[in-house]
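This report concerns only the one structure given below.
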Amino acid sequence: MSRSTTRFSRVRAIAVTVTAGLVVLSWAGTAAAGGNDGHHVHAQGRGRFMPVPLPDNYGSSIGEFADCGTMLSVSDGDVFKLKERDTDKKNGTLTEVKGAFTSDITADHGRMIDELDNSGPFTEFDANDGSVTVVVSGPSFIFPFSPGERAAFAAASLPPAFYFTKGKFIEYTDPDGNITVERTPRDTTDICELLPTWGDV
């Protein structure tokens, strides 16, 4: 499973830690090999969907980023029931992830989004030329894993971190690591709008 796949299967933003630094999670390693090394989860799912093993450090922080006037921390929620399949193609490898997954988002002073549904399925295609295409369906939460990804979101008129329940988000990373958002969902909501106000905590 690629780094990108890792991030999205853990964040649904993917999520994915990221290919070429993109958040669509780029994981490193091969899914066919099987195994579990922290946030890099490898399932033996070549040719058929197989359960993704629970990461050893499940529940720990997946990532942190600046937004909403503070630092936000994303960690695993209580739900992790994912299946993954890898398919070898002529020009690359297609990874598909589906199932149920939730995330917790924590801000300052105890403000928190608890058990955000990240269960939208996603696919990642790692081409032989080094490019990566990630397609994420809602419901999904996506946040930037690199300055390049944050810039790509801004170029597509997206907030730094966002949530959507329907539609698809498509991100492309070329062989040189340049990131482009090729499709955005219509019902995108800035994650800052979902955070509780200070008076609610």
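Yes or no: Arg46 within 25 Å of Pro139 (Cβ to Cβ), basic (Lys, Arg), touching a helix residue (DSSP H, G or I) at 6+ places or on another chain (Cβ under 7 Å) and at pLDDT below 80? Can you show your working first?
Numbers: within 25 Å of Pro139 (Cβ to Cβ): no; basic (Lys, Arg): yes; touching a helix residue (DSSP H, G or I) at 6+ places or on another chain (Cβ under 7 Å): yes; at pLDDT below 80: yes.
In short, no.
Checking every residue in region 78-99 against the condition of being modelled with pLDDT under 90, touching a Lys or Arg at 6+ places or on another chain (Cβ under 6 Å) and buried (at least 20 other Cβ atoms within 10 Å of the Cβ) gives zero matches.
Quick one: which of Thr106, Thr180 is modelled with pLDDT of 95 or more, polar (S, T, N, Q) and either closer than 17 Å to Glu193 by Cβ or over 13 Å from the mean Cα position of the chain (by Cα) (or both)? Quick ask: steps written out before the conclusion?
Working: Thr106 fails: modelled with pLDDT of 95 or more.
Only one candidate qualifies: Thr180.
Could you check, for region 122-139, whether at least one of its residues is part of a strand (DSSP E or B), touching a strand residue (DSSP E or B) at 6+ places or on another chain (Cβ under 8 Å) and over 22 Å from Lys83 (Cβ atoms)? Yes: region 122-139 contains one or more residues that are part of a strand (DSSP E or B), touching a strand residue (DSSP E or B) at 6+ places or on another chain (Cβ under 8 Å) and over 22 Å from Lys83 (Cβ atoms). Scanning region 61-120 for residues that are more than 21 Å from Ala161 (Cα to Cα), of a type outside the set (A, V, I, L, M, F, W, C) and in contact with a helix residue (DSSP H, G or I) (Cβ under 7 Å, 6 or more places away or on another chain) yields Glu84, Asp86, Thr95. Quick check on region 161-201: of everything there that is in contact with a Leu (Cβ under 8 Å, 6 or more places away or on another chain) and among the polar types (S, T, N, Q), which residue is surrounded by the most Cβ atoms within 10 Å (Cβ to Cβ)? Result: Thr173. Selection of region 149-158 for residues being surrounded by 19 or more Cβ atoms within 10 Å (Cβ to Cβ) and not basic (Lys, Arg) yields Glu149, Ala152, Phe153, Leu158.
The values are calculated or read from the model by the stated rules, or taken from the named source; none is laboratory data. Because the structure is a prediction, the values reported are computed rather than measured. Neighbour counts run over all protein chains shown; Cβ positions are idealised from the backbone, glycine included.
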